[in-house]
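Each remark here refers to the structure printed beneath this line.
The values are calculated or read from the model by the stated rules, or taken from the named source; none is laboratory data. Predicted model only: the values in this text are computed from it and were never measured. Cβ placement follows ideal geometry from the backbone for every residue including glycine, while neighbour counts extend to all protein chains displayed. These area figures cover heavy atoms from the full protein model, side chains too; ligands, DNA and RNA do not enter into them. Shrake-Rupley method; radii C 1.70, N 1.55, O 1.52, S 1.80 Å.
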Protein chains: 4
Amino acid sequence: MSNSPDPTRRSNASRQAILDAAAELIAEVGFRRLTIEAIAVRAGVGKQTIYRWWPSKGAVVFDALLALQHDADGLRIPESGDLGVDLRLLLRETAAGLVDPHLEEPYRAVLTEIQHDPVLVEELRERLLGPLLSATRDWIRRAQDRCQINAATDPAVVVDVLYGPLFYRWLLRTGPLDEDYLQALTAAVLPVITASSGPNPLRASVEGSPPVVAGIED
Amino acid sequence: MSNSPDPTRRSNASRQAILDAAAELIAEVGFRRLTIEAIAVRAGVGKQTIYRWWPSKGAVVFDALLALQHDADGLRIPESGDLGVDLRLLLRETAAGLVDPHLEEPYRAVLTEIQHDPVLVEELRERLLGPLLSATRDWIRRAQDRCQINAATDPAVVVDVLYGPLFYRWLLRTGPLDEDYLQALTAAVLPVITASSGPNPLRASVEGSPPVVAGIED
Amino acid sequence: MSNSPDPTRRSNASRQAILDAAAELIAEVGFRRLTIEAIAVRAGVGKQTIYRWWPSKGAVVFDALLALQHDADGLRIPESGDLGVDLRLLLRETAAGLVDPHLEEPYRAVLTEIQHDPVLVEELRERLLGPLLSATRDWIRRAQDRCQINAATDPAVVVDVLYGPLFYRWLLRTGPLDEDYLQALTAAVLPVITASSGPNPLRASVEGSPPVVAGIED
Amino acid sequence: MSNSPDPTRRSNASRQAILDAAAELIAEVGFRRLTIEAIAVRAGVGKQTIYRWWPSKGAVVFDALLALQHDADGLRIPESGDLGVDLRLLLRETAAGLVDPHLEEPYRAVLTEIQHDPVLVEELRERLLGPLLSATRDWIRRAQDRCQINAATDPAVVVDVLYGPLFYRWLLRTGPLDEDYLQALTAAVLPVITASSGPNPLRASVEGSPPVVAGIED
DNA sequence: GATTAAACGAGACGGTACGTCATGTCTTCTA
DNA sequence: TAGAAGACATGACGTACCGTCTCGTTTAATC
C-alpha cells in the first residue's frame, strides 16, 4: 500500500523544466519570495507534479543547485604537491562558488533550509557535502602521509579550519571574499595544518594547563 | 508628517510579553512554524502592536535573542594572559551559546534570516555581532602587542579563523561541539595565531609561487 | 489572460453550503454583524471560495435571498378579474414576504446594500426586481385593456403607487403591515388606479393650474 | 456614579468640525467607506471626542444630515388651499431633498442605518421624521375638514400613499425623480386622497367580496 | 489670579475582520 | 494513466478600524 510514485514513469522534461524554473526564480526574487506556484507556472507544470517528486521547496532548490553545480562541473580538489599552492586553489575555488551570481542565492537558500529541515540536512550530507568533505579529508590524509600536515590532527578538524573561516565571513557578511582576503587567509591557515616540530610554549599550555582543564572537563 | 509611532508611549509590558512569547514559541515549534499571530495570541497582544514596533518576524526573534542573551549576561572575553587558556575559554563560551537549549534555535533563526534580509543583517552587525567582534579584535590586538599573536596578520582574519570552524560545524551539523572537539580545535588553531618567526618553506611557497600566483592575481 | 475562475468546475456543494450558512447567520446576528469569515466557517468552506465567486458580502446575501425565495416559490400575481380582490392579494403577498421571519432580514440587507453598491443594484434589477416589476406592469396593462385601470396612467407609476406605500411603512417602521393596514391601503389605492370617469375639480387643478405648472415645467 | 459627560462643557467648535467633516467625507467616499477615524482626522479631533458624544457612526451622520437640513431650512408644507397645487409642491420639495447632491448620500445612509439600528430609528422618528409626518398629517386633516380629502381614510395611510411611491422609486432606483415623473405621480395620487362620493363597483368588491376575504382573514 | 476638574488632541492598545496569498490535497479533463 | 490545470480547505499574512484607555494640554468655572 505504498503511495510513492513510479520513478520509471517520471517525465524528465518536466523535471528539468522545474529545476530550470526554480533556478531562474531564485535568482530573480530570492528564496523568501520563491513559491511553488510560481515554479509550476514558470515551468508549465502542474503543482502536483512538484509535490509528487519533492518533499519541500527547499528540496527543489537543493536539486536545482546540484544541477547548476554539475553544469559548472563542481569543485575539483587540486593536488600539485605544494601544500601552499593547493590550499590557495582550494579556497579560491570554494570562494568562487559562494560568490558566483548563479550559485550564491541557492547556496544561501540551502544553508538556510537545512537549519530547520532534518530531512534536507541528511540529503545535503549525502549528495553535496559528503563527497566534497570526504575528498577533502582524503586530500588532507595524503598530505599527512607526506608529512605536510601534522598527522596528529583529526582531518575533520582540519576541514573545519580550512572551510570554516570562509563560510563564516560569507554567512555573516563581515567582509568580501576577494583575492586579498584569500591571500591573507591562506597565509594564516597554512601554519595550522603544517607539521608542528619544535616545542611551543603556548601549545604546551593547551595540552598541559591542569587547573583550567580540570574545571573545563567537568 | 511622520507616521512612525512615539517610542515614549510604548508599553513595556507588551514589549516584554512579545519577546517572551517569541522565545517560548521558537523553542516549541521552531522558526519555520513560528507565526506573528501565535506570538500575538500567546503574548495577549494585538497583532498591530507587533507590526508597529518590528518590521519582520526575524526582527522580533532577533530582539528576543538579545533579551535572552542579556539574561545570560552575554559573552565575556577572558584574558588571563595565557593565550591557550584564553582561547579555550573563548571557544567554549561561544560554543556554549550555540548549543544552549534556549539560544540555539533563535541563533539559527537569526543566522537564517540575515541571509535574505539586508535590514536585519545591519541590525545584527550593530547590536549583536559588532560589539562581540570588536571586543575580539581588541583582544587579538593586545595579544599581538604582547607578541603572542603574529602581528602581521589582520585581526579580522584571526577572528574568522577563531570563530569560523565552530560555526561551520554547527551550521552544517557535521559533528558535535563537545569538549573533545573544542580541545582538538584549540590545539589546531593555536599555532595559526601564534607569532611565526623562523623561516617556513611552505609559507614561502604561498608568497612566492610565481606561475600560479600570476594567473591568480589577474 | 483571464483570471476569472471556470464556472464549470465550481463545487455546487460549497455553493449551497455558503448560501445556507449566510441565510442562517443573517437570521441569527443580522446583516451588520454578519462576516464573511463566519459564513466560511459555518459552511465549512475556505474564505477564498467565497471571494472567488461573489464580489461582496451583499452579493452573497442577495443570492441567499434568491435561493430562499425559490424555495418559497416566489411571488405569484393573482388575476381573478376582480381588480379589488387581485390588488388585495397582491399587496398581501408582497407584505407577507417583507415580514416573513426568514426573509425580512435578507430583504432589509439587500435594500440596504444596493444604496451603496451600483453593481448590486444592477444585479437586483435583473434577477429579483425586474421579473416582478415587469409581471406587475403586464398585469396592469391587461387591467387597462379591460378598462379597470385608467389607461392614461403610465404602468410604471401605477407600480410605484401600488408597492411604494408598503415599502415606505416597512422601511421607516412607521407602523405594522397587518391586515387592518392592508385593508385600508387597498381601499385608498384602488381609486387611484381605476378609470377616472366623472369630472373632478381637484384633478382639474392639477392639469390646469397655469402659474404653478408653468414654473414646474421649466 | 454616572459616566456621561457634561453637555455644558462641550466644545461647540469640535462638534461643528465633526459634523462638517462627516458631511464632506460621506460625499467623497460614501457611507460604506466612511470611518470614525477619518472623521476625527479630518475634523482635527480626537476619536474619543466623537465616541463621547455619539453612540455610532450612523448617529454622527444623522446629526450631520440634520445640520445640513437646517442650513437648507427644511421642508415647508405648502398650503394654498388648492390641493393639487399643494400636493405638487409637497412632492417636489420632498423629491428635491432626495436628489440634492449634498443630501442624497446622507439620506441614503440614514435610511440604511435605521434598518439595523433600533436606537437610530427612534432618534429618526423623534427628530427628523416625526415633525415632518405630523405636519403632513395635520395638513391632511385640514384638507379633510375642507372635504378635499376623503375623511374616512386614516391620515397615516394617506401619508404612505403620498410619500411612499417617491421613496420606492428613489430607493430602488427604478427611474428618475424628474418633473415628468412628479407630474404623473401627482395626477395619479390625487384621486386617491380626494373624497370619493358616488358608488364605485371596484371599491365595493374590496369591502364585500366574501369568499376571498374570508380565506384571507383567517 | 491661582486652582482644579473636565473636555480635549493625540495616539497606543487589545481586538476583529478584512481581502490576499501560498500551502498541500483533490478532482476533472486531456494527450 | 501520468500530467496540466485549477478549485478546494486551511491558515497566515499585513492592513484598516473598532472602541477603550492612557497621556499631557487647554479651557472654564470656582475659590
Checklist outcome for this item: Among residues of chain D, the one whose beta-carbon sits nearest the axis that rotates D onto A, given with its distance in integer Å, is D:ARG33, 15
Checklist entry - What angle do you read, to the nearest 10 degrees and between 0 and 90, between the alpha-carbon axis of helix B:179-193 and the longest principal axis of chain B? => result 50
Checklist outcome for this item: Summing -39500 (n - 2.57) over every DSSP H run of at least 4 in chain B, dividing by its residue total and rounding to the nearest 500, the 222 nm mean residue ellipticity is -21000 deg cm²/dmol
Checklist entry - Which whole-number percentage describes the relative contact order of chain D, with Cα contacts under 8 Å and a sequence gap of 6 or more? => result 18
Next on the checklist: I'd like the carbon and sulfur percentage of the solvent accessible area for segment D:48-143, probe radius 1.4 Å, heavy atoms only, ligands and nucleic acids excluded.
Outcome noted: 54
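Counting alpha carbon pairs within less than 8 Å and at least 6 residues apart, what relative contact order, in whole percent, applies to segment B:1-105? Write down the numbers at each step before the final one.
Numbers: 64 pairs, mean separation 28.7, N = 105.
Result for segment B:1-105 is 27 percent.
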Checklist outcome for this item: Mean 1/r over distinct Cα pairs of segment D:122-196, inverted to a Kirkwood Rh in Å, yields 13.4
Checklist entry - Which residues, if any, in segment D:156-173 have at least 50 Å² less accessible area in the whole protein complex than in the isolated chain, probe 1.4 Å? => result D:VAL157, D:ASP160, D:TYR168, D:LEU171, D:LEU172, D:ARG173
Checklist entry - Using alpha carbons only, what's the Rg to Rh ratio of chain B with Rh from Kirkwood? => result 1.07
Checklist entry - Between B:GLU93 and C:VAL99, what is the spin-label point distance in nm, taking each point 7 Å from the Cα along the Cα→C-beta axis? => result 8.5
Next on the checklist: Can you give me the long-range amide H partners of D:ILE149? Hydrogens built in the peptide plane at 1.01 Å from N, cutoff under 5 Å, separation of 5 or more residues or another chain.
Outcome noted: D:GLN144, D:ALA195
Item to check | Label 7 Å beyond Cα on the Cβ vector: D:ASP20 copy-to-copy distances, nm | outcome: 4.9, 5.5, 6.6
Checklist entry - Angle, helix D:155-172 long axis vs. longest principal axis of chain D, Cα atoms, 0 to 90°, nearest 10? => result 60
Checklist entry - Put the label 7 Å from Cα along Cα→Cβ for A:ALA152; what are its distances to the other copies, in nanometres, shortest first? => result 2.5, 12.5, 12.6
Next on the checklist: Before I look further, what does chain B give for accessible area per residue, probe 1.4 Å, in whole square angstrom?
Outcome noted: 47
Checklist entry - At a Förster radius of 22 Å, what calculated FRET efficiency corresponds to the Cβ-Cβ distance of D:TYR51 and D:ALA27, to the nearest 0.05? => result 0.45
Checklist entry - Expressed as an acute angle from 0 to 90° and rounded to the nearest 10, what is the orientation of the C-alpha long axis of helix D:83-99 relative to the principal long axis of chain D? => result 30
Checklist entry - Considering protein heavy atoms only and a 1.4 Å probe radius, which residues within segment A:43-87 exhibit an accessible-area decrease of no less than 10 Å² in the full assembly relative to the chain by itself? => result A:ASP82, A:LEU83, A:GLY84, A:VAL85
Next on the checklist: Given a 1.4 Å probe, show me the residues in segment C:98-120 buried by at least 20 Å² of accessible surface when comparing the whole protein assembly to the chain alone.
Outcome noted: C:ARG108, C:LEU111, C:THR112, C:GLU113, C:ILE114, C:GLN115, C:HIS116
Item to check | Estimated D of segment C:17-134 in µm² per second, where Rh is the Kirkwood radius over Cα pairs and Stokes-Einstein applies at 37 °C, 0.692 mPa s | outcome: 216
Next on the checklist: If I model a spin label at C:GLN16 and D:ASP145 as a point 7 Å from the Cα along the Cα→Cβ vector, what separation in nanometres do I get?
Outcome noted: 6.4
Item to check | Largest-first ordering by accessible area, 1.4 Å probe, given options A:ARG173, D:ARG88 | outcome: A:ARG173, D:ARG88
Item to check | Cleavage-rule hits, GluC sites (Glu not before Pro), segment C:60-124, DSSP coil, Cβ neighbours within 10 Å at most 15 | outcome: C:GLU79
Checklist entry - Taking R0 as 25 Å, what's the FRET efficiency between C:SER4 and A:THR35 from their Cβ-Cβ distance, rounded to 0.05? => result 0.70
Item to check | Dmax and Rg, reported as Rg then Dmax, of segment B:10-53 (C-alpha, Å) | outcome: 9.7, 28
Checklist outcome for this item: Buried accessible area between B and A, both sides, 1.4 Å probe, in Å² rounded to 100, is 5500
Next on the checklist: Using a 7 Å offset from the Cα along the Cα-to-Cβ direction at both D:ASP180 and C:ARG76, what is the distance between the two label points in nm, to one decimal?
Outcome noted: 3.7
